[in-house]
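Peer 1: Just passing along the structure, written as structure tokens.
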């Protein structure tokens, strides 16, 4: 009975004077490993237009059936291709962060980001829509409402 107590005290005193490994979380962030797969991000092209062509391969490749999209014909203001994703949603509670959507995309429109702060306060926030997934347009790019030069 006394031996486990002394072993525990020895372990405590042994670690008491070692260098601390904790970080001050909000101010300091732990660097992520290169192969870490976090929140998905929908990419834009060099003109600031959406890259997604609404082919549905990401939805078909998802083993958890977490991706839902609706395609719509494009007039050239949203993206350069013939179609775009009118509705693009990822259900966070279903997503297993496997990366199959990223591998299936033929135009590299979806990317597994490095964001690991995914906590939400409401059940309605468990669905990421297109507005939450799309990266902001660069300031020097054309506005998304401008016609595309072809």
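The values are calculated or read from the model by the stated rules, or taken from the named source; none is laboratory data. Just so we're clear, the structure is a prediction, and the values are computed from it rather than from any experiment. We place every Cβ from the backbone using ideal geometry, glycine too, and count neighbours over all the protein chains shown.
Peer 1: Got a number for residues in segment 71-101 being in contact with a helix residue (DSSP H, G or I) (Cβ under 8 Å, 6 or more places away or on another chain) and within 17 Å of residue 39 (Cα to Cα)?
Peer 2: Adding up the residues that qualify gives 8.
Peer 1: Filter segment 112-136 down to the residues that are surrounded by fewer than 17 Cβ atoms within 10 Å (Cβ to Cβ) and not in a loop (DSSP other than H, G, I, E, B), then identify the one that is nearest to the chain's Cα centre (by Cα).
Peer 2: Checked segment 112-136; the qualifying residue nearest to the chain's Cα centre (by Cα) is 132.
Peer 1: Quickly run through segment 36-50 and pick out the residues that are in contact with a strand residue (DSSP E or B) (Cβ under 6 Å, 6 or more places away or on another chain) and assigned to a loop (DSSP other than H, G, I, E, B).
Peer 2: 37, 43
Peer 1: Still on this model: Of all the residues that make up segment 87-100, how many are surrounded by 12 or more Cβ atoms within 10 Å (Cβ to Cβ) and under 25 Å from residue 30 (Cβ atoms)?
Peer 2: Looking only at segment 87-100, we keep the residues that are surrounded by 12 or more Cβ atoms within 10 Å (Cβ to Cβ), and these are 87-92, 94-95, 97-100.
In the following step, the residues that additionally are under 25 Å from residue 30 (Cβ atoms) were identified as 90, 92, 95, 97-99.
Count: 6.
Peer 1: Just a yes or no: is a residue in segment 47-58 loosely packed, with under 14 Cβ neighbours inside 10 Å and either at pLDDT 90 or above or at positive phi (or both)?
Peer 2: no
Peer 1: Moving to a separate point now. Can you give me the number of residues within segment 3-35 that are in a loop (DSSP other than H, G, I, E, B) and either surrounded by 10 or more Cβ atoms within 10 Å (Cβ to Cβ) or over 27 Å from the mean Cα position of the chain (by Cα) (or both)?
Peer 2: Going residue by residue through segment 3-35, those that are in a loop (DSSP other than H, G, I, E, B) are 17-35.
The next check asks that each one be either surrounded by 10 or more Cβ atoms within 10 Å (Cβ to Cβ) or over 27 Å from the mean Cα position of the chain (by Cα) (or both); those that pass are 17-21, 23, 29, 32.
Residues that pass the stated criteria total 8.
Peer 1: If you take the residues of segment 86-99 that are within 18 Å of residue 43 (Cα to Cα) and assigned to a strand (DSSP E or B), which of them is farthest from the chain's Cα centre (by Cα)?
Peer 2: The extreme case among them is 86.
Peer 1: Name every residue in segment 59-85 that is without any contact (Cβ under 8 Å) to a residue 24 or more places away in the chain, in a loop (DSSP other than H, G, I, E, B) and surrounded by fewer than 16 Cβ atoms within 10 Å (Cβ to Cβ), in order of residue number.
Peer 2: Within segment 59-85, 75 is the sole residue that qualifies.
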